[in-house]
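Below is one structure; the comments refer to it alone.
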Amino acid sequence: MEKEYFAHPTAIIDEGCNIGKGAKIWHFSHIMPNCKLGKNCNIGQNVVISPGVILGKNVKVQNNVSIYTGVTCDEDVFLGPSMVFTNVINPRSAVNRKNEYAKTHVGKGASIGANATIVCGHDIGPFAFIGAGAVVTKNVPAYSLWVGNPAKQMGWMSEYGHRLSFNKDGIAMCEESKEKYKLENGAVTKI
């Protein structure tokens, strides 16, 4: 049976992986055992996806990204160049902590910028936006914008990736999609 995905000849795909139709895996990337990649995922050059990682459909992973065991990403997630997830809070070369891997979940439509680091055990909410170089050490709410080291929330973003400005009634409109959002009790929802 012919593959329904593309893998560059230099890519390594280990046993037990489930790779969705239309996925693309580029130069020198390594997909380790028992990973799941959804339909139309695009895995850039020199990417490492560790055992058991799950990526939803249409996840875009840019060059030089490391996705370690314990990470799951919902559909339409963007992982910028050279960003990294961790999976152990206190790593030591001489101490094996494989049974201490902390989980990290990235919600639908979230974007994580170039060179950002996501410290394990912290979830990224749907459509959140993590700026380039940010170091995330807390859970990130849906639609929120985080920048810096350590990362701090600097505002809110639309599903199209535009900064939201809320009026006195807590309503904002995305400049591109014209969709409306409500800020209430420290959380944003699309209305």
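Nothing in this text is a laboratory measurement; each read-out follows from the coordinates by a stated rule. Model, not experiment: these values are computed from the prediction. Methodologically, a virtual Cβ is constructed for each residue, glycine included, from the backbone with ideal geometry; neighbour enumeration extends over all protein chains shown.
Structure notes:
- Subtracting the Cα-Cα distance of residue 115 and residue 180 from their residue separation scaled by 0.36 nm leaves 20.3 nm.
- Out-of-range pairs (alpha-carbon distance over 26 Å; input 60/103; 21/60; 24/182): 24/182
- Within-13-Å neighbourhood charge of residue 169 [Cβ basis; K, R +1; D, E -1]: +2
- Between residue 169 and residue 95, the contour length at 0.36 nm per residue exceeds the Cα-Cα span by 21.3 nm.
- Positive-end ranking of 132, 56, 149 along the dipole of region 1-157, with charges on Cβ about the Cα centre, is headed by 149.
- Between residue 149 and residue 8, the simple label model (points 7 Å from Cα in the Cβ direction) yields a spacing of 2.7 nm.
- Euclidean distance of C-alpha centroids, region 1-56 and region 132-155, integer Å: 28
- When the chain is treated as a GNM with alpha-carbon contacts under 10 Å, the residue of 38, 56, 155 showing the greatest mean-square fluctuation is 155.
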